[in-house]
Amino acid sequence: MAKKSKGRNQGDGAGGRGFIVSPWFDAIFFIGSPALAAGLPFLLSFSDTLMDETQLGVEPQPVVGLLLGSFIYAHLALVVFRSHANPAIFRSHPIRFTVVPFVLFLAMWSSPWMAISVSVLVTWWDVYHSGLQTFGLGRIYDARAGNDPELGRRLDWGLNLLLYAGPILGGASLMAHVGDFMEFEEVGSAFFTSIPAHAENHARELTIAVSTIGGAFLVYYVLSWLRLAREGYRVSRQKITLYVLTGAVSLYAWGFNPFGHAFFVMNFFHAWQYFAIVWSTDKKNVQRVFGLAGIPGGKWISLALFISLPLSFGFWGEAYAHTTALVILWNVIAVMHFWYDGFIWSVRKQQV
């Protein structure tokens, strides 16, 4: 039988009525963010200023591309508020937060093989990491509904991998992802540079395989949760809405890549959610870092700094950080973001 929780967790939660923060906050920053991101490119296309080309960055691009790149870079750096700036988290893994990034930077600097491998790894780890973020939010909603936190974890984990990776492997954005393997030309690797050609030649077979396996898994997923519901599982409407919207937008963006908006849509709502996650869980720590805890208006000043400083850092990274050393640095930051954020969820789970 499924375990039943008692007390405030039973459909109540910190945000009330099964929400993480509050109904309006969750709707804007968590649950509805995929739909918001899907519609944003069409709204921005009406702005001549945002669509004007800028010379900042590696190559000319629309201003909105520069802003999106800055936003993505900013959210990568945002993890420091959860890792290095959180004493409890930092003490749990000091070597990971100090020695590992330094060693990785030196390895990438000294070895072209390592630098290229990590660069390609970032592309695919990003897909996995994004899926796990949605997975994590869904699991929190399940706990808020009063369910056993371990109930159905593997089902949700598998679903979120399918929602993110499935439309990529079987859709229009496949070549945009496997094309990164062409970087191995610099080190003369015929094996890795042949991957894009093989993927393109077998794109139809991949689409059929993903559709078949994905469809079978979705049937299995629904039937499994129906069985668990009969055993006492409480359905979280928030989780279901989040997963349905995420899956629909992922299929729309990665699967069809309308007007080349896929990367914009998927990366925007992921970063949007992450800003909200860090602020909602670590705002007291952010106020402490800026020395504004307990000061009148300190919360709102901290929020302004929390948004503006990472965005300024992100703008510098997108517009100017394109020497070899700085590209390596940003790949290290990306890998550390993916890695740190993964085990921070685990540490927080143990803490609470």
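The values are calculated or read from the model by the stated rules, or taken from the named source; none is laboratory data. In this text the structure is predicted, and so the values were computed from the model without any measurement. Here the Cβ is made from the backbone with ideal geometry for all residues, glycine too, and neighbour counts use every protein chain on show.
Pull up the stretch 180-209, narrow it to residues that are farther than 23 Å from residue 166 by Cα and not hydrophobic (A, V, I, L, M, F, W, C), then point me to the one that is surrounded by the fewest Cβ atoms within 10 Å (Cβ to Cβ).
Pass one, the stretch 180-209, residues farther than 23 Å from residue 166 by Cα: 183-191.
Within this subset, residues satisfying the condition of being not hydrophobic (A, V, I, L, M, F, W, C) are 183, 185-186, 188-189.
On the way: 183: 18, 185: 12, 186: 12, 188: 8, 189: 16.
Once the filter is applied, the top-ranked residue is 188.
Counting just the residues of the stretch 74-88 that are over 20 Å from the mean Cα position of the chain (by Cα) and touching a residue at least 24 places away in the same chain (Cβ under 8 Å), which one comes out farthest from residue 187 (Cα to Cα)?
Step one: list which residues in the stretch 74-88 are over 20 Å from the mean Cα position of the chain (by Cα), which gives 85-88.
Then drop every residue that is not touching a residue at least 24 places away in the same chain (Cβ under 8 Å), which leaves 85-86, 88.
Values: 85: 38, 86: 40, 88: 42 Å.
Applying the filter and picking the extreme gives 88.
Among 161, 132, 106, which is of a type outside the set (Gly, Ala, Ser) and surrounded by fewer than 16 Cβ atoms within 10 Å (Cβ to Cβ)?
106
How many residues are β-branched (Val, Ile, Thr) and either closer than 15 Å to residue 258 by Cα or surrounded by fewer than 22 Cβ atoms within 10 Å (Cβ to Cβ) (or both) if we restrict to the stretch 21-46? Quick ask: steps written out before the conclusion?
Filtering the stretch 21-46 for residues β-branched (Val, Ile, Thr) gives 21, 28, 31.
When the remaining residues are screened for being either closer than 15 Å to residue 258 by Cα or surrounded by fewer than 22 Cβ atoms within 10 Å (Cβ to Cβ) (or both), the result is 21, 28.
The total comes to 2.
Need at least 3 residues that are modelled with pLDDT under 95 and more than 23 Å from residue 152 (Cα to Cα) per element, so show me which helices (runs of 4 or more DSSP H) inside the stretch 183-257 make the cut, counting only ones lying wholly within it.
Details: elements: 190-193, 195-201, 203-230, 237-250.
Per the criteria, 190-193, 195-201, 203-230.
Which of the residues spanning the stretch 214-244 are free of Cβ contacts under 8 Å to residues at least 24 places away in the same chain and within 20 Å of residue 256 (Cα to Cα)? Working first, answer last.
First, pick out the residues of the stretch 214-244 that are free of Cβ contacts under 8 Å to residues at least 24 places away in the same chain: 215-216, 219-220, 222-223, 226-227, 229-230, 240, 244.
Those that are free of Cβ contacts under 8 Å to residues at least 24 places away in the same chain and within 20 Å of residue 256 (Cα to Cα): 215, 244.
Do you know which residues across the stretch 51-88 are part of a helix (DSSP H, G or I), at pLDDT below 85 and out of contact with any Asp or Glu (no Cβ under 8 Å at 6 or more places or on another chain)?
Selection gives 51, 64, 65, 88.
Report yes if some residue within the stretch 170-185 is closer than 27 Å to residue 337 by Cβ, over 25 Å from the mean Cα position of the chain (by Cα) and touching a residue at least 24 places away in the same chain (Cβ under 8 Å); otherwise report no.
yes
This table checks each residue for (1) more than 26 Å from residue 278 (Cα to Cα); (2) of a type outside the set (A, V, I, L, M); (3) in a helix (DSSP H, G or I); (4) without any contact (Cβ under 8 Å) to a residue 24 or more places away in the chain.
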{"residue": "97", "(1), (2), (3), (4)": "no, yes, yes, no"}
{"residue": "109", "(1), (2), (3), (4)": "yes, yes, yes, no"}
{"residue": "114", "(1), (2), (3), (4)": "yes, no, yes, yes"}
{"residue": "122", "(1), (2), (3), (4)": "no, no, yes, no"}
{"residue": "130", "(1), (2), (3), (4)": "no, yes, yes, no"}
{"residue": "137", "(1), (2), (3), (4)": "no, no, yes, no"}
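Of 279, 300, which residue is in a helix (DSSP H, G or I) and farther than 26 Å from residue 136 by Cβ? It would help to see each step written out before you state the result.
Values: 279 fails: farther than 26 Å from residue 136 by Cβ.
300 is the lone residue from the list that is in a helix (DSSP H, G or I) and farther than 26 Å from residue 136 by Cβ.
Looking at the structure I just gave you, is residue 308 modelled with pLDDT under 90 and either small (Gly, Ala, Ser) or touching a Lys or Arg at 6+ places or on another chain (Cβ under 7 Å) (or both)? Please lay out each step first, then the result.
Details: modelled with pLDDT under 90: no; either small (Gly, Ala, Ser) or touching a Lys or Arg at 6+ places or on another chain (Cβ under 7 Å) (or both): yes.
Taking the combined requirement at face value, the residue does not satisfy it.
Given the options 155, 162, name the one that is under 16 Å from the mean Cα position of the chain (by Cα), of a type outside the set (Asp, Glu), farther than 19 Å from residue 118 by Cα and modelled with pLDDT of 90 or more.
Numbers: 155 fails: under 16 Å from the mean Cα position of the chain (by Cα).
Answer to the check: 162.
Kindly establish whether residue 153 is more than 21 Å from residue 180 (Cβ to Cβ) and in contact (Cβ under 8 Å) with a residue 40 or more places away in the chain. Show your work before the answer.
Values: more than 21 Å from residue 180 (Cβ to Cβ): yes; in contact (Cβ under 8 Å) with a residue 40 or more places away in the chain: no.
Here the answer is no, as residue 153 does not meet what is asked.
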